[in-house]
Amino acid sequence: MTVRVLLVDDQPLLRLGFRMVLESEADLEVVGEASDGAQAAAMTAALVPDVVLMDVRMPVVDGIEATRRIVAAGAASRVLVLTTFDLDEYVYAALRAGASGFLLKDVPPAELVSGIRAVAAGDAVVAPAVTRRLIDAFAEHLPDPATGRSPADQRLDRLTAREREVLVEVARGLSNSEIAQALVLSEATVKSHVAKILTKLGLRDRVQVVVFAYETGVVRPGTG
């Protein structure tokens, strides 16, 4: 299966470099290039790429707003953001907006390629533990769950008691095998619970589960 990629960066030389790396792979195809977030959202709607490789810091419309527009439009395309620093407020905001992960701009070509393939397959390209570090670093931007029930909170009511337990463990950064050990379940059962959690909460991947858990106060920064 060919993975169709949209490149988004305001620097033409960087786009050219990424294109050269990706087009050297038989299973990756660059279907378009955008130089700002507004173009990115429009081209995603028109081209429906599998993966949008998104720079976060751009003029006019940045990658965070572009990610938000793409996710809000219900696009099947997954967003993989590029950044210069792993603990970057822009990255945190992009993950909250619905990005499926991030890579550093100086990532080795092999990691860039494997990251794109992983996102296309539905996996998250950032460990939940890294997401937790981001949330801890920028916890002041979190809404206060004590101020009232948000629509996200109400989605929690869809989960069974066991699914809530699994949700907490995913938010702590545990793998399926670690969750299985902690809750005395089979790994297949944990995988089934995670899939149901994603479906019931309308989330794309484990990174979004971590963000959701913190946003709703299920897990608090600096705990767990």
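Output the residue which, of all residues in the stretch 94-113 that are among the charged types (D, E, K, R) and in a loop (DSSP other than H, G, I, E, B), is farthest from V8 (Cα to Cα). Within the stretch 94-113, the match that is farthest from V8 (Cα to Cα) is D106. For S100, which of the numbered conditions (1) among the polar types (S, T, N, Q); (2) within 30 Å of Y214 (Cα to Cα); (3) free of Cβ contacts under 8 Å to residues at least 40 places away in the same chain fails to hold? Here S100 clears every test but (3).
Considering only residues that are charged (D, E, K, R) and buried (at least 17 other Cβ atoms within 10 Å of the Cβ), look in the stretch 176-214 and name the one that is farthest from V71 (Cα to Cα). If we take residues in the stretch 176-214 being charged (D, E, K, R) and buried (at least 17 other Cβ atoms within 10 Å of the Cβ), then R206 is farthest from V71 (Cα to Cα).
Take the conditions (1) out of contact with any Phe, Trp or Tyr (no Cβ under 7 Å at 6 or more places or on another chain); (2) crowded, with 18+ Cβ neighbours inside 10 Å; (3) modelled with pLDDT of 85 or more; P109 misses just one of them, which is (2).
If only residues of the stretch 27-62 that are loosely packed, with under 14 Cβ neighbours inside 10 Å and at pLDDT below 95 are counted, the one that is farthest from E89 (Cα to Cα) is V60.
Residue count for the stretch 81-106 under the criterion of being out of contact with any Ser or Thr (no Cβ under 9 Å at 6 or more places or on another chain), crowded, with 24+ Cβ neighbours inside 10 Å and of a type in the set (A, V, I, L, M, F, W, C): the result is 1. Across the stretch 116-134, the qualifying residues are those that are surrounded by 22 or more Cβ atoms within 10 Å (Cβ to Cβ) and at pLDDT 85 or above, and the one among them that is nearest to the chain's Cα centre (by Cα) is V119.
Of the helices (runs of 4 or more DSSP H) that lie entirely inside the stretch 160-224, those containing 1 or more residues that are small (G, A, S), under 17 Å from A124 (Cα atoms) and in contact (Cβ under 8 Å) with a residue 24 or more places away in the chain span 161-171, 206-215.
A single entry from R19, R15, R78, R4 fulfils the requirement of being surrounded by fewer than 21 Cβ atoms within 10 Å (Cβ to Cβ) and under 19 Å from the mean Cα position of the chain (by Cα): R4.
The values are calculated or read from the model by the stated rules, or taken from the named source; none is laboratory data. This one's a predicted model, so the numbers in the text were calculated from it and none came from an experiment. Reconstructed Cβ throughout: ideal geometry from the backbone, glycine too, with neighbour counts over all protein chains shown.
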